[in-house]
Amino acid sequence: MTNSKFIGAMLATTLLAGAAAAEDVTLTIESWRNDDLAIWQDEIIPAFEAANPGIKLKFTPSAPAEYNAVLNSKLDAGSAGDIITCRPFDASLALFEAGHLADISGIEGMANFSAVAKSGWSTDDASTQFCVPMASVIHGFIYNKDAFVEVGVEVPKTEAEFFAALDKIKEDGNYTPMAMGTNDQWEAATMGYNNIGPNYWKGEEGRLALLSGDQKLTDEAWVSPYRQLAKWGAYLGDGYEAQTYPDSQNIFTLGRAAVYPAGSWEISGFNALVDFEMGAFYPPVQNAGDTCYISDHTDIGIGMNAATPNKEAAETFLNWVGSSEFATIFANSLPGFFPLSSAEVTLEDPLAQEIISWRGECESTIRSTYQVLSRGTPNLENDTWNASVAVIKGEESPEDAGKRLQDGLASWYKPQM
Amino acid sequence: MATARSNRLNTYAAHGALILYTLIALFPVFVIVINSFKTRKAIFREPLAMPNADNFSLIGYETVLKQGDFFLYFQNSMIVTVGSLSLILVFGAMAAFALAEYRFKGNTLMGLYLALGIMIPIRIGTVAILEMMVQTGLVNTLWALILVYTAQGLPLAVFILSEFMRQVSDDLKNAGRIDGLSEYRIFFRLVLPLVRPAMATVAVFNMIPIWNDLWFPLILAPAEEVKTLTLGSQVFIGQFVTDWNAVLSALSLAILPVMALYVIFSRQLIRGITSGAVK
Amino acid sequence: MSNPENKPKFRWHIVVFLAPAVLVYTAVMIYPLFNTLRLSLFTEVDQERMFVGLQNFRTLFGQSVWSDQFWNALGNNLWFFVVHMLVQNPIGIALAAILSHPKLRFASFYRSAIFIPTILSFVIVGFAWKLILSPIWGIAPDMLDAIGLKSLYAPWLGKEAYALTALSLVSVWQFVGIPMMLIYAALLSIPDEILEAAEVEGITGLAAFWKIKLPLILPSIGIISILTFVANFNAFDLIYAAQGALAGPDYSTDILGTFMYRTFFGFQLQLGDPHMGSTIASAMFAIILVGVCIYLFGIQSRMRRYQF
């Protein structure tokens, strides 16, 4: 008697436990953001799991350099996770067209995003979205406030003021004027050309004209930023040709340089490393009073593996990403990655507040080469890296750089042919 | 005999050259190890300074040991490396023996076929290999890695071992046959001990790319339970913020087991030589 | 020995010896590789795979956008190989010769110490040497300054003319241990009787090396040369760890491996193109195959092998 009751109780508990366990869905998230692992584990995941019992999250990032290759291989073979962190524009568009990313235009979370925010993860005709926009990064210059005071330099607003300030710092001799190297190549294009460039090609106006074929890369608007870059070499410090990205970060945070051409993602890292006060200014305009333009680039999105067996749980998660709760947690644990949702978010970090305030003063645009223009061979983004470095080193003239890039683009892009 | 060999000048010159090269070889490693014990600022302020009271920091090692089960990763790396090496050596030696010893139709062709694998980087077959592992259910298991590394190491093993086996005296083997030993006995008892130096060499330079490989663990076995040490270390390499303390500490830690394996194998090599060469 | 009336026994042992290796190798390596190489005969149009024969090869060698990169990578790879043959192998052989001297003390210490670079992962090697050669953190400039050669210093890894040579030398530094090990094993298997007989004739020291040891280890030197060739033309990891997939500055460190990886798997905004990637891989395979065949039929078959 007691035996069977006991057995019955055991069976019942196992059934219940089994049932409860069967309720728990685990979603695996693919990402390249190794940097964010701690944040996800300590803040984001607990917040989500508390609000959504029954769904567990596993954040499993891969090394950023390998992410695209590894993700594509896994998707092709069917071993990728349920949630995919999306690179903006063509990299994810290709995944969607190959059927790896699910169409999520209809989920309620998408209602919180503007058309510009969604553009990084929509089809060319903007009809279908395949990733929820997560964050954008803004470009500008971060500077060492203490150094500026010491040398006696004001925050520059125009081109002329900018180079005057750099000259004064160079003369003073205690600080390297700007911390940037050309070894890794991408900084020259991303924090150089595409940082100051929008002021010359007037942001979205120029970029869209380039897309439609109304402007060419040999136009003055596109060559002028290279003329500016050609002057930077003198201010970058000895041996900048072999200076890598981590070197530049270290030079600035150790207080050896005064100005750092930056993307806003640096904020959380720099906060932990500096022992001086930091400020930021947006790219100087040509003439006083001009409208300023900033590169406000849609950088990270998050979408759903079309082959996931846990569609409902995945949609719940993606909706949560579109909410203001997520936006607040994300914005404050990762200052410098600005949430794209239209929900109200209060930022605590002063540098992040400063930078996001630029959205009110200046016109926003995304990086020029990212939408459509890097689809063919030669790849315009890679070539822009190459040209920016060459111009800074003085190996190529700005006009030649512009011509080379235009020839490359025109060789495959129909509107420019 | 002793006088002919002991030329003082030669000895000094020999030691001098060796010491010079040893310094060149060890200097970068020295830089890595001392910096893994310093704070991040100190690494870049004075890369050559020894860790002292001011800049000593175990923060790298702490981060590494806190983030993930490094003992498990170490175990996985050991299983994969030792497993692959065993298969490479056994299968490779057998195939090398067949190619070196017996004349048969297609011997050269088989040799060339097996050598094909040396020539192509196995990475381009990644997607097909991954598909195969998914279909056979081996994805996210250590077996997937062992199979891939074995296949990768066999061509070179066969190439090198067959070369050394050709140098084993025919008289010895024929004597064995006359004595009635089977081909298998001849292989295991007579030939294998004589090529131990080559086997140890093959083991040593297969073990390093297997231990240090990031690519295949990343694709075939990224799950937490089967992570290898190298894969576990790369979590510290971020997109914009590389935690160099942790990377240096993780990689310094990773050197130790390989060194231990190397010391073991190089001892085998010496033992093999001293026992096998004397007849 | 064999009775002419009986058919010779089928030599099962050959099959048994060969089977395991051939099976694993074929299933896990050859089959996927050829499947992928097959892709070079196809291209993708609107998500559909289309057979196009040799068109990808025509594109690779015909269109300047592709062929310039290819020939650049091939040229760089050749230089990479030349540096290894001229620096790595002679140093490895010399070290092995010194180490194999029976009376040498601390031999096992030297052996282990010199082999340590080979044990390191590419990430460590790349980081360590970038740190040492970096103009910012001053190790190399300061050291050169100490011996009065500061003017010789340049940010080598950032200059097109020097970056490839610098990285080739780093690679040599990393891999000297391998020729050293192989030659050391070969030298140790030379029986003492031969060396003693030579001594009786009065041939010792350097002469003994050139006249006796070198000819006897020629097969091993052959192996090392061909291995160096194959390894160099398949090389990828060090350049990738040090300079990234774009192999800067200005593609001056681009070798066939990085070119293929960048094309096959994509890089940044450049999408992966498995078809052109396979085409490059097939070209690499052809180049290496030609080199190996030249070695096998031209050199190895002519080498004298000595048995002890």
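The values are calculated or read from the model by the stated rules, or taken from the named source; none is laboratory data. All figures in this text were calculated on a predicted structure; none of them were measured in a lab. In this analysis, Cβ positions are derived from the backbone assuming ideal geometry, glycine residues included, and neighbour counts consider all displayed protein chains. Please note that ligands, DNA and RNA were not included when accessible areas were found on the heavy atoms of the full protein model with its side chains. Shrake-Rupley method; radii C 1.70, N 1.55, O 1.52, S 1.80 Å.
So here's what we get for this one:
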| read-out | value |
| --- | --- |
| Criterion: of a type in the set (D, E, K, R) and open to solvent by less than 10 Å² (accessible area, probe 1.4 Å) - qualifying residue of A:E395, A:E381 | A:E381 |
| Qualifying residue in the stretch C:121-141 (condition: open to solvent by 50 Å² or more (accessible area, probe 1.4 Å), modelled with pLDDT under 85 and closer than 30 Å to C:T204 by Cα) | no |
| Test: residue in the stretch A:255-265 that is within 14 Å of chain B (Cβ to nearest Cβ) and at positive phi | yes |
| Breaking point among (1) over 21 Å from C:T43 (Cα atoms); (2) over 23 Å from the mean Cα position of the chain (by Cα), for C:L289 | (2) |
| Neighbours by Cβ (under 7 Å, 6+ apart or cross-chain): first from the stretch A:233-252, under 18 Å from C:Y153 (Cα atoms) and touching a residue at least 40 places away in the same chain (Cβ under 8 Å); second among the hydroxyl-bearing types (S, T, Y) and open to solvent by less than 10 Å² (accessible area, probe 1.4 Å) | A:Y240/A:T182; A:E241/A:T182; A:A242/C:S134 |
| Answer from A:F276, A:F270 - the residue that is open to solvent by less than 10 Å² (accessible area, probe 1.4 Å), in contact (Cβ under 8 Å) with a residue 40 or more places away in the chain and aromatic (F, W, Y) | A:F270 |
| Search result, residues across the stretch B:221-248 that are open to solvent by 20 Å² or more (accessible area, probe 1.4 Å), at pLDDT below 75 and under 21 Å from the mean Cα position of the chain (by Cα) | none |
| Output for the stretch A:350-369, where each listed residue is within 17 Å of A:P198 (Cα to Cα) and crowded, with 23+ Cβ neighbours inside 10 Å | A:I355, A:T365, A:I366, A:R367, A:S368, A:T369 |
| Which numbered condition B:L251 fails, given (1) modelled with pLDDT under 75; (2) in a loop (DSSP other than H, G, I, E, B); (3) farther than 17 Å from A:D35 by Cα | (2) |
| Qualifying residue in the stretch C:269-280 (condition: within 14 Å of chain A (Cβ to nearest Cβ), part of a strand (DSSP E or B), out of contact with any Gly (no Cβ under 6 Å at 6 or more places or on another chain) and buried (at least 22 other Cβ atoms within 10 Å of the Cβ)) | yes |
| Top-ranked residue of the stretch A:73-95 - restricted to ones that are part of a helix (DSSP H, G or I) and within 20 Å of the chain's Cα centre (by Cα), ranked as surrounded by the fewest Cβ atoms within 10 Å (Cβ to Cβ) | A:A94 |
| Restricting the stretch C:239-254 to residues that are open to solvent by less than 20 Å² (accessible area, probe 1.4 Å) and within 17 Å of the chain's Cα centre (by Cα), the residue that is farthest from C:N72 (Cα to Cα) | C:I239 |
| Test result for B:A96, outside any loop (DSSP other than H, G, I, E, B), in contact with a Lys or Arg (Cβ under 8 Å, 6 or more places away or on another chain), closer than 27 Å to C:I223 by Cβ and more than 7 Å from every other protein chain (Cβ to nearest Cβ) | no |
| Test set (1) open to solvent by 60 Å² or more (accessible area, probe 1.4 Å); (2) out of contact with any Gly (no Cβ under 7 Å at 6 or more places or on another chain) - A:P339 fails condition number | (1) |
| Enumerated helices (runs of 4 or more DSSP H) restricted to the stretch A:98-188, each holding at least 3 residues that are open to solvent by 10 Å² or more (accessible area, probe 1.4 Å), away from chain C (no Cβ under 14 Å) and without any contact (Cβ under 8 Å) to a residue 12 or more places away in the chain | A:159-172 |
| Residues of the stretch C:193-208 that turn out to be under 34 Å from the mean Cα position of the chain (by Cα) and modelled with pLDDT under 80, as a count | 5 |
| Some residue of the stretch C:188-203 being in contact (Cβ under 8 Å) with a residue 12 or more places away in the chain, under 30 Å from C:M284 (Cβ atoms) and in contact with a helix residue (DSSP H, G or I) (Cβ under 9 Å, 6 or more places away or on another chain) | no |
| Selection status of B:I59, open to solvent by 30 Å² or more (accessible area, probe 1.4 Å) and either touching a residue at least 24 places away in the same chain (Cβ under 8 Å) or touching a helix residue (DSSP H, G or I) at 6+ places or on another chain (Cβ under 8 Å) (or both) | yes |
| The stretch A:54-97, residues that are among the β-branched types (V, I, T) and within 11 Å of chain C (Cβ to nearest Cβ) | A:V70 |
| Some residue of the stretch A:374-391 being outside the structural domain of A:W201 (by TED's automatic domain parsing), aliphatic (A, V, I, L, M) and under 21 Å from the mean Cα position of the chain (by Cα) | no |
| Filter result for C:I288 (part of a helix (DSSP H, G or I), surrounded by 21 or more Cβ atoms within 10 Å (Cβ to Cβ) and among the β-branched types (V, I, T)) | yes |
| Boolean, C:T228 is more than 14 Å from chain A (Cβ to nearest Cβ), over 22 Å from C:P179 (Cα atoms) and either without any contact (Cβ under 8 Å) to a residue 60 or more places away in the chain or touching a Phe, Trp or Tyr at 6+ places or on another chain (Cβ under 9 Å) (or both) | no |
| Filtered residue count, the stretch A:309-333, keeping only those that are open to solvent by less than 10 Å² (accessible area, probe 1.4 Å) and in a loop (DSSP other than H, G, I, E, B) | 1 |
| Any hit, the stretch B:67-88, residues being surrounded by fewer than 16 Cβ atoms within 10 Å (Cβ to Cβ), modelled with pLDDT of 80 or more and touching a His at 6+ places or on another chain (Cβ under 9 Å) | no |
| Identity of the residue in the stretch C:200-225, away from every other protein chain (no Cβ under 12 Å) and farther than 15 Å from C:H101 by Cα, that ends up most open to solvent (accessible area, probe 1.4 Å) | C:K211 |
| Filter pass, A:G301 being in contact with a Cys (Cβ under 8 Å, 6 or more places away or on another chain), away from every other protein chain (no Cβ under 14 Å) and either in contact (Cβ under 8 Å) with a residue 60 or more places away in the chain or in a strand (DSSP E or B) (or both) | yes |
| Residue identified as out of contact with any Pro (no Cβ under 7 Å at 6 or more places or on another chain) and farther than 30 Å from A:L236 by Cα among A:Q185, A:Q129 | A:Q129 |
